[in-house]
Structures are given as structure tokens and as C-alpha cells.
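So the structure is just underneath, and the comments pick up after that.
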Amino acid sequence: MNALEFNHVSKSYAIYDRPLDRLKELLSGGRRSYRRDFQAVSDLSFSVNRGEVFCIVGENGSGKSTTLQMMAGILQPTSGSVTVNGSIAALLELGAGFNPEFTGRDNVYLSASILGLSKREIDNRYRAIQEFAGIGDFINRPVKTYSSGMIVRLAFAVAISTDPEVLLVDEALAVGDTSFRHRCMRRIHELRSQGVTIVFVSHAIADVEAIGDHVLWLEHGKAIALGTAEIVLPLYLAAMTDRGPVSAARPAALPAPAPKADSIPNVDHRHGDGRAEILGIAILNEYGEPVHLMMPRSRITIRITFRANEALARPAAGFVMRNHLGLDFTETGTEQEGHSLQPLRRGDVSTVDFAIDIPEFYPGTFSFSPWVTERSATCDWIDNAITVQMAHGEGPVYGYIQLPCRVEVNPESQLA
């Protein structure tokens, strides 16, 4: 038996241009309609297996939250059926039910009782809730004195204490500091290992890639693609990178062949003396296709194209790779790799490829900042010109990187 099932589910809302139009329709007894229907979700069918992490991605307004609210029973579908097998804890609007005049402790008992726990059960779990929230003495102060992050901490701690069979998470982890976010992710991994079904909605693709088994991509309330994370996420990232309109009726297809490195997707900051100009950067796989998701232990090519605006006797090119915190992860260049570029005349265009064997990094977002120098003087530098996600491998990554390793036991060290 599946944990969740959507069978041809649609959800529409009536929109009236004026409040008076609603009254007119009511007085007409249904004979006249003054409304327009907005289709938030259209003919959605899928199932979620027990014990899996099912992720939903899509741009704002794609129907993600509406879908979760129908799972939670907050909204009823206009047509079709939603079946939920098991108890649910929904992390949709954390802290929305807190009484601001009550203390944190009082709200723990109030919120947990609404979620179905008895006073004895709350007594037994209160210490764990308090420790997970980590708000110190504020637990005994009115919630109206809390910051938004503290409210999220407490609400999340309460919600996960109910031992749900199905956990719904809607961008709840986007609020709060990094340490608390990591704590939440560890708890989600624990629940996953215990067989809890998790439905996770997030714009943080690295999080989806890190924990997702299957992914549903929604666009304007319709399913664009449904499948494993390895299949759906590259399609979604390719569409988001193109920044073009996505047709809901268009079937999922593989990304188009890579263009040459003749464009710069993003410019956070640019500086240099202008004697050379970066024309484009691209990240390609071994088949020359654009990479939107780096796979562990794969080979990629960072292609940088630049033009000399003046004669350059000793040009060099390279890039800095940064992690999601904006910290320099690594850097290399033509001279560091022992390759000297030929002198360039004014107007000459040069393309340099850096072939890299990617180890297994922790799942996250990495950006590449290309640069061109001449005798160590910066001609052009573009911060975070292109960004890609790192996929997760078969096992966890502790720290920043999983080093290739071979274990051998020396026979001479074994006891007889």
C-alpha cells in the first residue's frame, strides 16, 4: 500500500473581479456566473511509496504548496481523489498556531496536543523538544518576544516529536541559521532511516538532490516530469538555466546540445584592466553537453573563451571554484597546470579547456569564476559566472570531500 496517492486531482479557485460579483452570483441562485476559475493544480496523478523521500520542485506559483495542503487535508480537491495512508505531520507554516502571549513551554503543550499527543506523551518528550529547539531560557518567555528563527526552531521541534508516518515539509528549512538547518537535515535523515515517508518541497536543489528518491516537477499546476532525482533534476535545472518559458504540455526531454562558450550566465562582480575580455564560460560533460548537475567521479570540462583587446605577450586563464557559502574551494589556471599560452595580438580570440575529474563532494551548489591575466595583472575577472549543483553519491560525505581510497591489510600485521 502506498503512503500517498493522487488520482486525477485538480484544484481550482473562483476569482471575482469585484466583491459585489460574488453577491450577484449568490442571489442569482446559480443561474448566472460572475467568476473566473483559476486552475492551481490540473489532473495530477502520482503515488508516493512508503519510506521514501518524495520531492516536489517548481517555480513560485507552480502548485507545490497547494499540492501539499491537499495532502495535509487543509484543502479539498475540486475533482479527483487524494488518499493518505498513515498519520501526518505537516511543516507548512511553522508557528502559525502559536499564541504570542503564551510562553514557549505553553505553546509546546498547546501545539503538541493539537497534533494528537496526550499530556503524558508531551511530558515524556518535552526535554527532547526543548533541546532540539535550542532557544535556551526563551522557552519560558512569551513567544511575542521571539525572533522568526526562534519560532521556526520551536515549531519544527514540536512537529517532529509526534512520530508521524508521513512528514510534509514546505520550505521550512529555508528559515533559521546554518547550524539549525543542519540539525533539521540530520533529523530528516533519521526519520527516513526509520521508514517515515517524507514529502519535501524546496527551491534548494542541493537539498533535493541530497535526500530525494523521486522528484515531481510542477509547472503551472501540471506535471512536467516525474521520476528519479537523477533523471528529473538535470531537466529542471536545464530549464531554469535557460530562463525561458516552459510549456506544461511539452514532454520531458534531454537538454539540448551545448552551445559554445560564448555566453556568461551570471555576473555578480567584474573587474580588471580591460586588456582582455572574457566572452563566455561553459561546463561540459565528456560528450560536449552542458552540465547542470555534477556527478561524483565524472569528468567535466570548464571552457573559457576570451578576446585580447590589446597585444598580450604572456596571457593566462583560469578559474576559482566556490562553494555555496561563497568560500574559495579551489583554483587553477594554465600556468599552474604547466601550460603556457601563446602571445595574442589585439582582437585574437582564445578558448581554453580545463578537463577535471570530479571527486565526490558534499551535495551543494558550486560556482565558477573565470579570470584572464597578463604577467600576473588581472585583465578580466567575473565572480560566480556559472553555477552547478553537485549530485550525491551512493554513500554520505563527511566534511567537504570523499577522497578516493583503497584499503589493504598488511599480512605481516595480522596475528598468527
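The values are calculated or read from the model by the stated rules, or taken from the named source; none is laboratory data. Since the model is a prediction, treat every value here as computed from it, not as a measurement. Heads up, the Cβs are rebuilt from the backbone with ideal geometry, glycines too, and the neighbour counts pull from every protein chain shown.
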(request) Can you work out which of the residues in segment 66-95 that are buried (at least 19 other Cβ atoms within 10 Å of the Cβ) and hydroxyl-bearing (Ser, Thr, Tyr) is farthest from residue 168 (Cα to Cα)? (result) 66
(request) Say whether the condition of being of a type in the set (Gly, Ala, Ser), over 21 Å from residue 199 (Cα atoms) and out of contact with any helix residue (DSSP H, G or I) (no Cβ under 8 Å at 6 or more places or on another chain) is met by at least one residue in segment 94-110. (result) no
(message) Can you go through 48, 9, 41 and tell me which one is over 30 Å from residue 157 (Cα atoms) and in contact with a Leu (Cβ under 6 Å, 6 or more places away or on another chain)?
(response) 9
(message) Suppose the filter is assigned to a helix (DSSP H, G or I) and surrounded by fewer than 18 Cβ atoms within 10 Å (Cβ to Cβ); does residue 128 pass it?
(response) yes
(request) Give the residue that is surrounded by the most Cβ atoms within 10 Å (Cβ to Cβ), with candidates limited to residues of segment 361-372 that are among the aromatic types (Phe, Trp, Tyr) and part of a strand (DSSP E or B). (result) 371
(request) Filter segment 267-283 down to residues that are under 17 Å from residue 387 (Cα atoms), surrounded by 14 or more Cβ atoms within 10 Å (Cβ to Cβ) and either small (Gly, Ala, Ser) or modelled with pLDDT under 90 (or both), then give me how many there are. (result) 2
(message) Any residue that is of a type in the set (Phe, Trp, Tyr), under 24 Å from residue 229 (Cβ atoms) and touching a Leu at 6+ places or on another chain (Cβ under 6 Å) - is there at least one of those in segment 52-67?
(response) no
(request) Can you run down the residue pairs with Cβ atoms below 7 Å, 6 or more apart or on separate chains, where the first is in segment 27-45 and within 16 Å of residue 61 (Cβ to Cβ) and the partner is of a type in the set (Phe, Trp, Tyr) and at pLDDT 90 or above? (result) 44/6
(request) Just name the residue that is surrounded by the fewest Cβ atoms within 10 Å (Cβ to Cβ) out of those in segment 191-217 that are over 14 Å from the mean Cα position of the chain (by Cα) and closer than 21 Å to residue 92 by Cβ. (result) 192
(message) Given the condition aromatic (Phe, Trp, Tyr), modelled with pLDDT of 85 or more, farther than 26 Å from residue 295 by Cα and not in a helix (DSSP H, G or I), answer yes or no: does some residue in segment 212-232 qualify?
(response) no
(message) Return the residues of segment 338-370 that are in contact with an Asp or Glu (Cβ under 7 Å, 6 or more places away or on another chain) and within 24 Å of residue 325 (Cα to Cα); say none if nothing qualifies.
(response) 363, 369
(message) Return the residues of segment 131-147 that are in a helix (DSSP H, G or I) and over 19 Å from residue 90 (Cβ atoms); say none if nothing qualifies.
(response) 131, 136, 137, 138, 139, 140, 143, 144, 145
(request) Quick one: which residue in 238, 316, 308 is at pLDDT below 85, surrounded by 13 or more Cβ atoms within 10 Å (Cβ to Cβ) and out of contact with any helix residue (DSSP H, G or I) (no Cβ under 8 Å at 6 or more places or on another chain)? (result) 238
